[in-house]
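Just below is one structure, and these are the notes that go with it.
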Amino acid sequence: MTHSLILVRHAEAPWSPDEARALSPSGRAAAERLAEQLCGLEIDAIYSSPYRRAVETVEPLAKRLRVPIQEIADLRERTLGDFRCASFEKR
């Protein structure tokens with residue numbers, strides 16, 4: 001028996017220091033496209049970090065497949081200390 005693991009980064013969310021931030025409208029549309037692309041696969045489990053943007057990214061797929069989202073705290077981003085960046089924009 002072969003098993004596959006599909007890793008998905010969360011869809012677009014406006015940046016803020018608040019880890020509870022939601023997906024942007026573009027991010028929600030991307031989450032719907034992701035669900036459309038993956039809904040034909042045999043998916044037994046969906047895991048997500050507890051961050052809202054991550055859960056919202058896999059929600060459309062979970063609903064289509066009727067598979068619960070299992071939130072795993074250790075899938076969250078790790079803290080690297082006091083990091084300050086003026087912008088994440090490309091220069």
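Which of the residues spanning the stretch 27-63 are part of a helix (DSSP H, G or I) and either closer than 17 Å to LEU5 by Cα or in contact with a strand residue (DSSP E or B) (Cβ under 6 Å, 6 or more places away or on another chain) (or both)?
LEU34, ALA35, GLN37, LEU38, ALA54, VAL55, THR57, VAL58, LEU61, ALA62
In the stretch 37-62, which residues are over 10 Å from the mean Cα position of the chain (by Cα) and among the polar types (S, T, N, Q)? Lay out the reasoning, then the answer.
Start the filter on the stretch 37-62 by keeping residues that are over 10 Å from the mean Cα position of the chain (by Cα), which leaves 37-46, 60-62.
Scanning the stretch 37-62 gives a single hit, GLN37.
With the structure loaded, tell me whether LEU34 is at pLDDT 95 or above and under 11 Å from the mean Cα position of the chain (by Cα) or whether it fails that test.
yes
Out of GLU19, GLU42, which single residue is under 16 Å from ARG76 (Cβ atoms), surrounded by fewer than 17 Cβ atoms within 10 Å (Cβ to Cβ) and modelled with pLDDT under 95?
The unique qualifying residue is GLU19.
Quick check: anything in the stretch 65-87 out of contact with any strand residue (DSSP E or B) (no Cβ under 8 Å at 6 or more places or on another chain) and modelled with pLDDT of 95 or more?
yes
The values are calculated or read from the model by the stated rules, or taken from the named source; none is laboratory data. Because the structure is a prediction, the values reported are computed rather than measured. All Cβ positions, even for glycine, are placed from backbone atoms using ideal geometry, and neighbour counts span all protein chains on display.
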